[in-house]
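Enquirer: Okay, here's the structure, questions in a sec.
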Amino acid sequence: MTLGDQLAVEVSGLVKTFGKTRAVDGVDLMVPAGGVYGVLGPNGAGKTTTIRVLATLLAPDGGTARVLGHDVVREADAVRSRVSLTGQFASLDEDLSGTENLILLARLQGYGRSDAKKRAADLLGAFDLTEAAGRQVKTYSGGMRRRIDIAASIVVTPDLLFLDEPTTGLDPRSRSQVWDIVRALVAGGTTVLLTTQYLDEADQLADRIAVIEHGKVIAEGTSGELKAKVGGGALHVRLRDAAQRPEAARLLTAALGVPVTLESDPVALSVAVSDAEPVPAGLAELTRAGVRVSEFALGQPSLDEVFFALTGHPAGDDDAADDQPLTGKSKREAKKAAKKAKEHAA
Amino acid sequence: MTTTTTPAASDLLKPEPAPVPADLVGERLSAVLASRTRPPKPSALSACGTFGWRALLKIKHVPEQLFDVTAFPVMMTLMFTYLFGGALADSPKDYLQFFLPGTLVSTIAMITMYTGLGLNNDIKKGVFDRIKALPVWRPAALVGMMLGDVVRYSGAGLLVIALGLALGFRPDGGAIGVVLAMLVLLLFSFSLAWVWNIFGMVLRTPESVLGVSMMVLFPLTFGSNIYVDPSTMPGWLQAFVDVNPISHVVTAVRGLMHDTVTAGQLGWVFLWCAILNVIFAPITMRLYNRR
């Protein structure tokens, strides 16, 4: 076996520009076959553009990209027959029912009439959509839409599946359903390349993660490696009384041995901790000194913290740099997603 | 009823059933994924047929879209026959013999615009991303959609002809002449639709697609021999009417229906169909493949 056989995606110096915007500005990626590869970045980082180039929907302006050993420009048809893309926004015919959409795609991929019907029914069953099979896709809820979108991508089981922000805008339950689906896909032997704005999603699913910003990969590695770079997580503490904050900051600095960040909220402070072990003792110090804590949380670093650690500045939320002009609907959705991402980071 | 429900409202009304436990999802999914069948690539014809089927399904699910295909022709035929019939010819009935083939052409030419509109919607909604990522014969998506639309054109055509017969239209060419006229017209409409496809791909919103298409089509239909005999027009306008492809189609359709057609008249129509296909189909495909 040569190295090429083990790599699902091999990207080198990829460039894609839209007018003056360099949406993808020299991306290098090596995605091993099998498992989940996460591409993490804020809106407008170039994630979607990269994925669209890899799925042969956009032609690169520079660099090379090979998918499953085939060049995405010169051997586009060979790539198309082995990969599948689930875009950020539902890409099914909303006027047609779930069954009709899947039959349509099955027929276009060479299934006979009755085989296509059977495949559609099987897929709808596997994705828990049998009840909604006859309804128009436009009546589906967000979670159902995501599921039928993924089902549509595996009508012919692909060797490589691109999932563009599969859980953006979903409620927690639908989100965990999508995660289960991704895990099942990988168990079935499909390589999944997913983009996400959520660190915990990349952490939950991905074997390796590339962090991308302004069209460039700024860090790459396993989630453990990235966390080591970022410094583990953060302890967030909220006090009942803002007057006690200086005291609390002094005590925590002494107990944890790292400087404390005073947040803009006058009762909140946070400490970057690489190790959870001394945290209980630090909190106990506060109680002993009579500092009243209303809540505390020890969490993974947020996307913002990751970016801050890697680049020294918070993640840019630059919609203007994102792909082609968005339509009214997708703009709304993108805004919603951006808001969600912010809430998530908070 | 579900057609008018917005997704947001249906979310509230119909909560999703309780989720299936994760391990069960996994099990059923693995069964689905286990099928690593990779059927052979469908033939170009089969792919076109599938896309045509999709166009027909859209009529089934959104029958409202047939409203303008049916109401508009009926309105135009009645209005012109009775408003202007007496003034333009001796009587509405006399005018109808001249006017009906023309209104048939203008009706269907108008409907061809909706092909570009549908394409524009597909692109905006992201459906085309999925279709373009499939390894099928590239023009199939467009050709199939246009063939599906031919069914709509036929429906509208039959309606106009039926209405005409009811009002007193009596074609000398008989049933065969009418059928042949319809076939010639469908061929031309299919060829003309390539033009609107280009607008559908180049322009950003459905409104602008409709606006621009209208601006092209309006002078073409009115600056023709549909409504009146061009001999009353000023010379420069007659010159335009003479080269207008719509005039050539109207002449041929009229000729076939009244059994007065000449090979030359038909030749002009076929020439225009060839020109439209040879020029606009490749441009459309170029735009479609641009990425």
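Enquirer: Are any of the residues in segment B:231-251 more than 20 Å from the chain's Cα centre (by Cα), touching a residue at least 24 places away in the same chain (Cβ under 8 Å) and part of a loop (DSSP other than H, G, I, E, B)?
Expert: no
Enquirer: Give the residues of segment A:253-274 that are under 15 Å from residue A:233 (Cβ atoms) and either out of contact with any Leu (no Cβ under 6 Å at 6 or more places or on another chain) or polar (S, T, N, Q) (or both), sorted by residue number.
Expert: The answer is A:256, A:258, A:261, A:270, A:272, A:274.
Enquirer: Shifting gears a bit: Hey, among B:213, B:191, which residue is crowded, with 17+ Cβ neighbours inside 10 Å, in contact with a Cys (Cβ under 9 Å, 6 or more places away or on another chain) and either touching a residue at least 40 places away in the same chain (Cβ under 8 Å) or within 30 Å of residue B:281 (Cα to Cα) (or both)?
Expert: B:191
Enquirer: Right, here's the next one. Is it true that residue A:98 is more than 8 Å from every other protein chain (Cβ to nearest Cβ) and over 30 Å from residue B:63 (Cα atoms)?
Expert: no
Enquirer: Among B:135, B:219, which is at pLDDT below 90 and either within 30 Å of residue A:155 (Cα to Cα) or not hydroxyl-bearing (Ser, Thr, Tyr) (or both)? Reasoning before the result, please.
Expert: Numbers: B:219 fails: at pLDDT below 90.
Among B:135, B:219, only B:135 is at pLDDT below 90 and either within 30 Å of residue A:155 (Cα to Cα) or not hydroxyl-bearing (Ser, Thr, Tyr) (or both).
Enquirer: Consider residue A:76 against the criteria (1) touching a residue at least 24 places away in the same chain (Cβ under 8 Å); (2) within 14 Å of another protein chain (Cβ to nearest Cβ); (3) of a type in the set (A, V, I, L, M, F, W, C); (4) surrounded by fewer than 24 Cβ atoms within 10 Å (Cβ to Cβ): it satisfies all of them except one. Which criterion is unmet?
Expert: Failed condition: (1).
Enquirer: Do the conditions hold for residue A:115, that is, is it assigned to a loop (DSSP other than H, G, I, E, B) and farther than 25 Å from residue B:118 by Cα?
Expert: No, not satisfied.
Enquirer: So which strands (runs of 3 or more DSSP E) stay within segment A:132-250 end to end and still have 3 or more residues that are away from every other protein chain (no Cβ under 14 Å) and not basic (Lys, Arg)?
Expert: Working: elements: A:160-164, A:191-196, A:208-213, A:216-221, A:233-239.
Once the strands (runs of 3 or more DSSP E) in segment A:132-250 are filtered for at least 3 residues that are away from every other protein chain (no Cβ under 14 Å) and not basic (Lys, Arg), what remains is A:191-196, A:208-213, A:216-221, A:233-239.
Enquirer: Right, another one. Which of the following residues is touching a Ser or Thr at 6+ places or on another chain (Cβ under 8 Å) and more than 8 Å from chain A (Cβ to nearest Cβ): B:63, B:42, B:73?
Expert: B:73
Enquirer: Something else about it: Would you call residue A:125 at the interface with another protein chain (Cβ under 7 Å from one of its Cβ atoms) and either surrounded by fewer than 23 Cβ atoms within 10 Å (Cβ to Cβ) or over 15 Å from residue B:125 (Cα atoms) (or both)?
Expert: Answer is yes for this residue.
Enquirer: Residue by residue through segment A:84-93, note down the ones that are more than 8 Å from every other protein chain (Cβ to nearest Cβ) and outside any loop (DSSP other than H, G, I, E, B).
Expert: So in segment A:84-93, the residues more than 8 Å from every other protein chain (Cβ to nearest Cβ) come out as A:86, A:88.
Selection gives A:86 alone.
Enquirer: Look at residue A:42 and say whether it is in a loop (DSSP other than H, G, I, E, B), more than 8 Å from chain B (Cβ to nearest Cβ) and modelled with pLDDT of 90 or more.
Expert: Numbers: in a loop (DSSP other than H, G, I, E, B): yes; more than 8 Å from chain B (Cβ to nearest Cβ): yes; modelled with pLDDT of 90 or more: no.
Against the criterion (in a loop (DSSP other than H, G, I, E, B), more than 8 Å from chain B (Cβ to nearest Cβ) and modelled with pLDDT of 90 or more), residue A:42 does not qualify.
Enquirer: Could you tell me which of the residues A:200, A:207 is in contact with a Ser or Thr (Cβ under 8 Å, 6 or more places away or on another chain) and touching a residue at least 60 places away in the same chain (Cβ under 8 Å)?
Expert: Of A:200, A:207, the one residue that is in contact with a Ser or Thr (Cβ under 8 Å, 6 or more places away or on another chain) and touching a residue at least 60 places away in the same chain (Cβ under 8 Å) is A:207.
Enquirer: Further question: Among the residues of segment A:257-285, what is the count of those that are touching a strand residue (DSSP E or B) at 6+ places or on another chain (Cβ under 7 Å) and surrounded by 13 or more Cβ atoms within 10 Å (Cβ to Cβ)? Break it down into steps so the answer makes sense when it comes.
Expert: So the first thing to find is which residues in segment A:257-285 are touching a strand residue (DSSP E or B) at 6+ places or on another chain (Cβ under 7 Å), and the list is A:258, A:260-263, A:267-273, A:276, A:279, A:283.
From what's left, surrounded by 13 or more Cβ atoms within 10 Å (Cβ to Cβ): A:258, A:260-263, A:267-273, A:279, A:283.
Qualifying residue count for the region: 14.
Enquirer: Being in contact with a Gly (Cβ under 9 Å, 6 or more places away or on another chain), surrounded by 18 or more Cβ atoms within 10 Å (Cβ to Cβ) and within 11 Å of chain B (Cβ to nearest Cβ) is true for just one of A:119, A:52. Which residue is that?
Expert: A:52
Enquirer: Go through (1) closer than 23 Å to residue B:135 by Cα; (2) surrounded by 17 or more Cβ atoms within 10 Å (Cβ to Cβ); (3) more than 11 Å from chain B (Cβ to nearest Cβ) for residue A:71 and report which single condition fails.
Expert: (2)
Enquirer: To continue, here is another question. Being crowded, with 19+ Cβ neighbours inside 10 Å, at pLDDT below 90 and under 30 Å from residue A:45 (Cα atoms) narrows it down to one of A:320, A:315, so name that one.
Expert: Exactly one residue qualifies, and that residue is A:315.
Enquirer: May I pose another question? Does segment A:128-138 hold any residues that are small (Gly, Ala, Ser) and surrounded by 16 or more Cβ atoms within 10 Å (Cβ to Cβ), and which are they?
Expert: Those that are small (Gly, Ala, Ser) and surrounded by 16 or more Cβ atoms within 10 Å (Cβ to Cβ): A:132, A:133.
Enquirer: I'd like to know if segment B:90-111 contains one or more residues that are modelled with pLDDT under 90, in a helix (DSSP H, G or I), within 13 Å of chain A (Cβ to nearest Cβ) and out of contact with any Gly (no Cβ under 7 Å at 6 or more places or on another chain).
Expert: no
Enquirer: Taking segment B:164-182, which residues are over 12 Å from residue B:259 (Cα atoms) and crowded, with 18+ Cβ neighbours inside 10 Å?
Expert: Correct list: B:164, B:169, B:182.
Enquirer: Considering only segment B:216-234, state which residues are closer than 30 Å to residue B:124 by Cβ, surrounded by fewer than 18 Cβ atoms within 10 Å (Cβ to Cβ) and not hydrophobic (A, V, I, L, M, F, W, C).
Expert: Listed by number, the list holds a single entry, B:219.
Enquirer: Given the options A:92, A:199, A:170, name the one that is modelled with pLDDT under 90 and surrounded by fewer than 22 Cβ atoms within 10 Å (Cβ to Cβ).
Expert: Exactly one residue qualifies, and that residue is A:170.
Enquirer: Quick test for you: out of A:218, A:212, pick the one residue that is out of contact with any Gly (no Cβ under 8 Å at 6 or more places or on another chain), outside the structural domain of residue A:291 (by TED's automatic domain parsing) and within 20 Å of residue A:310 (Cβ to Cβ).
Expert: A:218
The values are calculated or read from the model by the stated rules, or taken from the named source; none is laboratory data. Quick caveat, the model's predicted, so the values are computed rather than measured. Neighbour counts are summed over all protein chains in view; Cβ atoms, including those assigned to glycine, are modelled from backbone coordinates with ideal geometry.
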